[in-house]
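Student: Let me begin by handing over the structure; questions about it come next.
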Number of protein chains: 2
Amino acid sequence: MPDIRIILVRPQHPGNIGACARAMKNMGLKNLVLVAPQRFPAEEAVARAAGADDVLAAAAVVADVSAAVADCVFVAATSARARTIALPPLDAREAAATLCGHARSGPVGLLFGAERTGLTNEEVDYAHALVQIPVDPGFASLNLAAAVQILCYEIRCSVQGAVPIPQPDHRPAPQEAFNRFLGHLEQVITDIGFLNERHPRKLMRRLTRLFRRAHPDDNELQILRGILNAVQHPYPPRKGASGPDNT
Amino acid sequence: MPDIRIILVRPQHPGNIGACARAMKNMGLKNLVLVAPQRFPAEEAVARAAGADDVLAAAAVVADVSAAVADCVFVAATSARARTIALPPLDAREAAATLCGHARSGPVGLLFGAERTGLTNEEVDYAHALVQIPVDPGFASLNLAAAVQILCYEIRCSVQGAVPIPQPDHRPAPQEAFNRFLGHLEQVITDIGFLNERHPRKLMRRLTRLFRRAHPDDNELQILRGILNAVQHPYPPRKGASGPDNT
């Protein structure tokens, strides 16, 4: 993971600091900097970190934003409100990609303001880009840890970008086996008088599409064909028509 | 915003319920369902909702997952661990696009398990797809509200995205109709002696998953049930055992 610094500026609630540490560690980030936290260290922080104590323990505590970003080659600032300043606004996804890109050159930082007040204009002035997380304009105030979670998640997605999506853990059966099942199905529904003479091809096409969507594997085809065999040769003496349909 | 139902299954901490309500409302979602919450309503829930009280007040409380998804045309289940079952795993972004697509046809649900234990296999069986949020494998346990936040964020991105949402080319039948088909199938394969006494539940679970993957629409369920009826009451005089299996 790129070494992206998560910088919380004057966080008010220690619980949020802990939740941020957890959110970071979940996504593989570990570099936390606290600018003038109201209360830290604190028990609530450890409780909400839920195992990310190492991130809290390694957190740097500094006096102001200037100290937090002194060695950074790139800084982005999260902001709920539109600012009048001429910074390129990035959404969370663009910001993640941009941060990961710059992280190849040196330390990069991502600023989050205090819960109630956000970042001051002077603090935003340290940033090269503004980050706006898409929210409902009618209820725009994200919890601090939630904002950190979304950005750290996007950073992880950005890093994994090229990684192929995990394959489902089942292997659809080869077409030949699937087609043998279809042939068997057609025979059975003909035997029981379901496949009438009017639109047999159309009905079989519908059934083909339905079962193809299910993408059965070999084992599942075996089960289905077992059912078809049992229709053809019921195991126990057939009791005649079964009970009422359980519609 | 599409009407996507966020379903918390047996949530343990009321604070998390409140945080989830806030996360939802931030992203423009409002439909919260609680399955057997340990403690609700609760003051901590309102406190952490931080203004999303309306989402809490409108939350439906139901007894089990079955009731929560009864009318859903599509259900996705979040899961931290890999499951051995053959459901297509989606990452959070794919899941959001898929949910938004199906939401055009009817109610869709997104299941989140209890904080400590997650969803049971039986609960996951209600889902058409598994959602896995990318996390660091060494610290994979996301806070419940954090998981809800990420998915709701991706749903908002999906809605706002320029990328066209894939339109499912058919409308899956509601769960209730699907479950009636399963009941009918179970009766028929019992009648013909296929569902033996040894592992009947396991076999039915496999068949459930197989047919759920196929996502049948109303018309297809009618065809399948027509076949089951024909097995129970063959139309022409049954000719006895049909020819050899066309293996």
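Student: Inside segment A:124-146, can you point out the residues that are more than 14 Å from chain B (Cβ to nearest Cβ) and either in contact with a Leu (Cβ under 6 Å, 6 or more places away or on another chain) or at pLDDT 90 or above (or both)?
Tutor: Matches in segment A:124-146: A:Ala129, A:Leu130.
Student: Within segment B:122-134, track down each residue that is among the β-branched types (Val, Ile, Thr) and surrounded by fewer than 21 Cβ atoms within 10 Å (Cβ to Cβ).
Tutor: Correct list: empty.
Student: Considering B:Arg180, B:Arg171, B:Arg104, which residue is over 23 Å from A:Gly28 (Cα atoms), within 14 Å of another protein chain (Cβ to nearest Cβ), open to solvent by 30 Å² or more (accessible area, probe 1.4 Å) and modelled with pLDDT under 90?
Tutor: The match here is B:Arg171.
Student: All but one of (1) open to solvent by 40 Å² or more (accessible area, probe 1.4 Å); (2) modelled with pLDDT of 90 or more; (3) part of a loop (DSSP other than H, G, I, E, B) hold for A:Pro37; state the number of the condition that does not hold.
Tutor: Tallying (1) open to solvent by 40 Å² or more (accessible area, probe 1.4 Å); (2) modelled with pLDDT of 90 or more; (3) part of a loop (DSSP other than H, G, I, E, B), A:Pro37 fails exactly one: (1).
Student: Also: For B:Ala80, work out the one condition from (1) surrounded by fewer than 21 Cβ atoms within 10 Å (Cβ to Cβ); (2) out of contact with any strand residue (DSSP E or B) (no Cβ under 8 Å at 6 or more places or on another chain); (3) hydrophobic (A, V, I, L, M, F, W, C); (4) within 23 Å of A:Ala146 (Cα to Cα) it doesn't fulfil.
Tutor: Tallying (1) surrounded by fewer than 21 Cβ atoms within 10 Å (Cβ to Cβ); (2) out of contact with any strand residue (DSSP E or B) (no Cβ under 8 Å at 6 or more places or on another chain); (3) hydrophobic (A, V, I, L, M, F, W, C); (4) within 23 Å of A:Ala146 (Cα to Cα), B:Ala80 fails exactly one: (2).
Student: Within segment A:208-220, which residues are facing another protein chain (nearest Cβ under 7 Å), part of a helix (DSSP H, G or I) and in contact (Cβ under 8 Å) with a residue 40 or more places away in the chain?
Tutor: Selection gives A:Glu220 alone.
Student: Then there's this: Quick check on B:Gly28: is it within 12 Å of chain A (Cβ to nearest Cβ), within 29 Å of B:Arg104 (Cα to Cα) and surrounded by fewer than 24 Cβ atoms within 10 Å (Cβ to Cβ)?
Tutor: yes
Student: Output the number of residues of segment B:135-144 satisfying the condition of being open to solvent by 50 Å² or more (accessible area, probe 1.4 Å) and of a type outside the set (S, T, N, Q).
Tutor: Summing the residues that are open to solvent by 50 Å² or more (accessible area, probe 1.4 Å) and of a type outside the set (S, T, N, Q) in segment B:135-144 gives 2.
Student: Can you pull out the residues in segment B:107-121 that are closer than 29 Å to B:Asp217 by Cβ and surrounded by fewer than 18 Cβ atoms within 10 Å (Cβ to Cβ)?
Tutor: B:Thr120, B:Asn121, listed by residue number.
Student: Hey, among A:Ala49, A:Ala59, A:Ala42, which residue is of a type outside the set (Val, Ile, Thr), in contact with a Gly (Cβ under 7 Å, 6 or more places away or on another chain) and open to solvent by less than 40 Å² (accessible area, probe 1.4 Å)?
Tutor: A:Ala49
Student: From (1) among the acidic types (Asp, Glu); (2) at the interface with chain B (Cβ under 10 Å from one of its Cβ atoms); (3) under 20 Å from A:Ile150 (Cα atoms), pick out the condition that doesn't hold for A:Asp54.
Tutor: (3)
Student: Pairs, please: C-beta under 9 Å, at least 6 apart or cross-chain, first residue under 21 Å from B:Ile150 (Cα atoms) and in segment B:111-130, second of a type in the set (A, V, I, L, M) and open to solvent by 20 Å² or more (accessible area, probe 1.4 Å)?
Tutor: These pairs meet every condition: B:Gly113/B:Ala80; B:Gly118/B:Ala80; B:Ala129/B:Leu90; B:Leu130/B:Ala82; B:Leu130/B:Leu90.
Student: Which of the residues that make up segment B:221-235 are open to solvent by 20 Å² or more (accessible area, probe 1.4 Å) and more than 9 Å from chain A (Cβ to nearest Cβ)?
Tutor: The answer is B:Gln222, and nothing else.
Student: Restricting attention to segment B:185-220, which residues are more than 21 Å from the chain's Cα centre (by Cα), open to solvent by less than 30 Å² (accessible area, probe 1.4 Å) and of a type outside the set (A, V, I, L, M, F, W, C)?
Tutor: Hit for segment B:185-220 is B:Gly193, nothing else.
The values are calculated or read from the model by the stated rules, or taken from the named source; none is laboratory data. Just so it is clear, the structure is predicted and the values come from calculations on it, not from any experiment. Don't worry about glycine lacking a Cβ; one is built from the backbone with ideal geometry, like all the others, and counts go over all protein chains shown. Heads up: the accessible areas ignore ligands, DNA and RNA and are worked out on the full protein's heavy atoms, side chains in. Shrake-Rupley method; radii C 1.70, N 1.55, O 1.52, S 1.80 Å.
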